[in-house]
Amino acid sequence: MIELENVAIGYNGVELLSEVSLKLVPGSFHFLTGPSGAGKTSFLKLCYAELLPVAGHVSLMGQDIRTMTRDDRALMRQRIGVVHQDCQFLDHLPVIENVALPLTVSGRPAHPQELGELLSWVGLRGQANALPPQLSGGERQRAALARAVMMSPDVILADEPTGNLDWEMSLRLLGLLVELNRMGKTVVIATHDLNLIRQAKAQVQARVLRISGRRLQLAGADL
Ligand SMILES: Nc1ncnc2c1ncn2[C@@H]1O[C@H](COP(=O)(O)OP(=O)(O)OP(=O)(O)O)[C@@H](O)[C@H]1O
């Protein structure tokens with residue numbers, strides 16, 4: 001599904017991560033943790049071909065990201081849903097249109113019932129016509145999750161989805177991600193929140209990847 005072989009990433013000639021080899025198999029649940037600036041967001045970008053490796057091979061859904069055309073990349077992004085750290089909404093469009101954007105961009109019609117069900121699932125049916133700046137942090141993150149799953153992706157990559165949320169809202173968001181995993185989706189969550197990881201481990205078989213000293217390691221069972 002997502003396969004990395006001896007991969008390095010970096011910016012402006014400086015390596016951020018080296019010798020990363022990893023297979024994310026379908027239906028797996030991973031956390032990605034590490035200090036601020038360690039490269040979590042950059043690693044996720046690699047996993048949806050927003051960033052190319054400076055060494056090694058990355059294959060997404062069986063295709064090497066270096067050989068992907070623009071069209072391949074657009075198709076691949078329908079199979080990999082991303083919850084960005086800053087949500088990245090278009091603030092002048094109501095929530096429902098932001099959530100439907102992946103459909104709109106790919107030229108497919110948005111079915112009101114499907115959209116309504118998706119908004120209900122994240123508990124935002126009542127805010128469908130609100131503008132993103134009118135939402136609370138937790139509502140924004142849930143809207144971002146709804147948009148990420150709009151195209152029924154196989155993989156969900158979430159970058160600090162509970163970053164600014166209180167514990168109750170963090171649990172609610174985690175619950176949605178666990179539910180998606182139980183439906184067979186592969187989930188990767190970048191987070192600093194060790195309590196969230198512990199909570200998730202009580203609910204799903206989650207593995208923890210830790211970035212430390214430019215390497216990606218599998219954390220021990222103590223986490
Ligand atoms: N486009 C870019 N150009 C140059 N340097 C970058 C770029 N994006 C990120 N970096 C640098 O790469 C390093 C890792 O950034 P990244 O955002 O991946 O870390 P992170 O672990 O997600 O951090 P945080 O937990 O604070 O969100 C940082 O030093 C950052 O400044």
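What spacing in nm lies between the two simple spin-label points modelled at residue 104 and residue 91, each 7 Å away from Cα in the Cβ direction? Here the answer is 1.7 nm between the modelled labels. For the chain, the fraction of 1.4 Å probe accessible surface lying on carbon and sulfur atoms is 48 percent.
In terms of the mean number of neighbouring beta-carbon atoms within 10 Å, the peptides 14-22, 67-75 order highest first as 14-22, 67-75. Here the stretch 2-218 is treated as a Stokes sphere of Kirkwood radius computed over C-alpha pairs; at 37 °C and 0.692 mPa s its diffusion coefficient rounds to 185 µm²/s. Label-to-label distance for residue 129 and residue 167 is 3.8 nm, based on points extended 7 Å past Cα in the beta-carbon direction. Using alpha carbons only, how many degrees (0 to 90, rounded to 10) separate the axis of helix 112-121 from the longest principal axis of the chain? So the inclination is approximately 60 degrees.
Summing Lys, Arg as +1 and Asp, Glu as -1, what charge do residues with Cβ under 11 Å from the Cβ of residue 123 carry, residue 123 excluded?
+2
Counting only Cβ charges, +1 for Lys and Arg and -1 for Asp and Glu, the dipole size of the stretch 1-70 around its Cα centre is about 200 debye.
If the only charges are +1 at each Lys and Arg Cβ and -1 at each Asp and Glu Cβ, what is the size of the charge dipole of the stretch 103-196 around the Cα centre, to the nearest 20 debye?
260 debye
Residue separation of residue 182 and residue 217 scaled by 0.36 nm, minus their Cα-Cα distance, works out to 10.1 nm of gained length.
Subtracting the Cα-Cα distance from 0.36 nm times the residue separation, let me have the gained length for residue 25 to residue 68 in nm, one decimal. Could the numbers behind the result be given before it?
Working: separation 43, 0.36 × 43 = 15.48 nm, distance 2.07 nm.
Extending this stretch completely gives an extra 13.4 nm.
Taking the helices alone, the chain has a mean residue ellipticity at 222 nm of -10500 deg cm²/dmol, built from -39,500 (n - 2.57) per DSSP H run of at least 4 residues and averaged over all its residues. Is the shape of the stretch 138-210 best called rounded, prolate or oblate, per the rule: a/c under 1.5 gives rounded, else a/b larger than b/c gives prolate, else oblate, with a ≥ b ≥ c the square roots of the Cα gyration tensor eigenvalues? The shape class here is oblate. Per residue, the stretch 2-218 exposes an accessible area of 48 Å² to a 1.4 Å probe, with every protein chain left in place.
Total lysine pairs in the chain at Cα distances under 17 Å, for residues eight or more apart or on different chains: 4. Counting only Cα atoms, the size of the stretch 1-49 along its three principal axes is 34, 22, 17 Å, in decreasing order.
The values are calculated or read from the model by the stated rules, or taken from the named source; none is laboratory data. Owing to the predicted nature of the structure, the values given are computational and were not obtained by experimental measurement. Because the Cβ atoms are built from the backbone with ideal geometry, glycine has one as well, and the counts that use them run over all protein chains shown. To get the accessible areas, we keep the full protein, side chains included, count just its heavy atoms, and leave off ligands, DNA and RNA. Shrake-Rupley method; radii C 1.70, N 1.55, O 1.52, S 1.80 Å.
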